[in-house]
1. Determine whether the range 137-147 contains at least one residue that is buried (at least 16 other Cβ atoms within 10 Å of the Cβ), out of contact with any helix residue (DSSP H, G or I) (no Cβ under 7 Å at 6 or more places or on another chain) and not hydrophobic (A, V, I, L, M, F, W, C).
2. Do we find a residue being part of a helix (DSSP H, G or I) and either in contact with a strand residue (DSSP E or B) (Cβ under 9 Å, 6 or more places away or on another chain) or under 16 Å from Thr123 (Cα atoms) (or both) anywhere in the range 140-154?
3. Across the range 106-124, what is the number of residues that are under 18 Å from Tyr158 (Cβ atoms) and not in a helix (DSSP H, G or I)?
4. Please find, within the range 1-10, the residue that is farthest from Asn49 (Cα to Cα) out of those that are in contact with a strand residue (DSSP E or B) (Cβ under 7 Å, 6 or more places away or on another chain) and modelled with pLDDT of 85 or more.
5. Would you point out the residue of the range 56-101, among those that are more than 17 Å from Gln156 (Cβ to Cβ) and among the polar types (S, T, N, Q), that is modelled with the lowest pLDDT?
6. Do you know which residues across the range 139-168 are touching a Gly at 6+ places or on another chain (Cβ under 9 Å) and closer than 28 Å to Cys105 by Cβ?
7. Within the range 128-138, can you find the residues that are in contact with a Gly (Cβ under 6 Å, 6 or more places away or on another chain) and either hydrophobic (A, V, I, L, M, F, W, C) or not in a helix (DSSP H, G or I) (or both)?
8. Do any residues in the range 147-174 that are free of Cβ contacts under 8 Å to residues at least 40 places away in the same chain have Cβ atoms under 9 Å from those of residues that are of a type in the set (Lys, Arg), where the two are at least six apart or on different chains, and which pairs are they?
Amino acid sequence: MALKPCRECQKKVSTEAATCPSCGVPNPTQKKEKTTRDQSWRKNLGIENLDDNQAKNKLNKENIVIKKDNNSDTSWEKFMEGKLDLKTAFWGYGFFGSIIVGVVCGFLAEAVSNIFILVYIITVVVLVIGLWQCASTYKKQMAQKKESEVWGVLTQVYCVVAALGLANFIKDFL
C-alpha cells in the first residue's frame, strides 16, 4: 500500500482509498480530469464529483439556490412566460405563427383527419395566452417608464379578436 498526496488537500492517503479521510474527495490519489466549462460551476460549489441527485441534496442542505440563466431560455419559453419582447411575440408567434399553424392544420385536416382541427384550436389558444402575457408585461414596463402603453393595449385587443374568431370557428365547425 503506497501513500500519495490527496489531489485536493495534499494530505497523505493510501492509493487504494476510495475517498480521502481528511477532505472526502473521491479517488483522492487519481489525477483530476480536466474541468470543462460546464463543470466549472459544479467545482466552485464543491459538487463536481457528485452525481446529480447527490449534488441536489447537498445544495438543498446548504440552502444554495441556482437560478437559471435567463439568456439560456429559448424564444418559446420567454414567449410562454410573457418575457419575450412585444414585437417578436406579436409578429413571430401571434401573426405569422397563427397563419402557419392555420394553413398547415387546415391542409392536414382535409388531407388526413379532422383531429388537426383540435390541434389548431389548442395551438391558437396557447398562442393567444402567450401573446396576452407578453402584452401585459410590455404594458407594465411602459407604465414604469411612464411611456405609452398603446402597443400593449392594441395587442390585447388583437388577442380578444383572435379569441372571438376562434370561438366563431368552433361554433361553425360543430
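1. Yes; the residues of the range 137-147 include at least one that is buried (at least 16 other Cβ atoms within 10 Å of the Cβ), out of contact with any helix residue (DSSP H, G or I) (no Cβ under 7 Å at 6 or more places or on another chain) and not hydrophobic (A, V, I, L, M, F, W, C).
2. No, every residue in the range 140-154 fails to be part of a helix (DSSP H, G or I) and either in contact with a strand residue (DSSP E or B) (Cβ under 9 Å, 6 or more places away or on another chain) or under 16 Å from Thr123 (Cα atoms) (or both).
3. 0
4. Ranking the qualifying residues of the range 1-10, first place goes to Leu3.
5. Going through the qualifying residues, I end up with Asn70.
6. Across the range 139-168, the qualifying residues are Thr155, Tyr158, Cys159, Ala162.
7. Of everything in the range 128-138, those that are in contact with a Gly (Cβ under 6 Å, 6 or more places away or on another chain) and either hydrophobic (A, V, I, L, M, F, W, C) or not in a helix (DSSP H, G or I) (or both) turn out to be Leu131, Cys134, Ala135.
8. Hits for this filter: Glu149/Lys139; Glu149/Lys140; Val153/Lys139; Gln156/Lys139.
The values are calculated or read from the model by the stated rules, or taken from the named source; none is laboratory data. All figures in this text were calculated on a predicted structure; none of them were measured in a lab. Please note: Cβ atoms are built from the backbone with ideal geometry, for glycine as well, and neighbour counts cover all protein chains shown.
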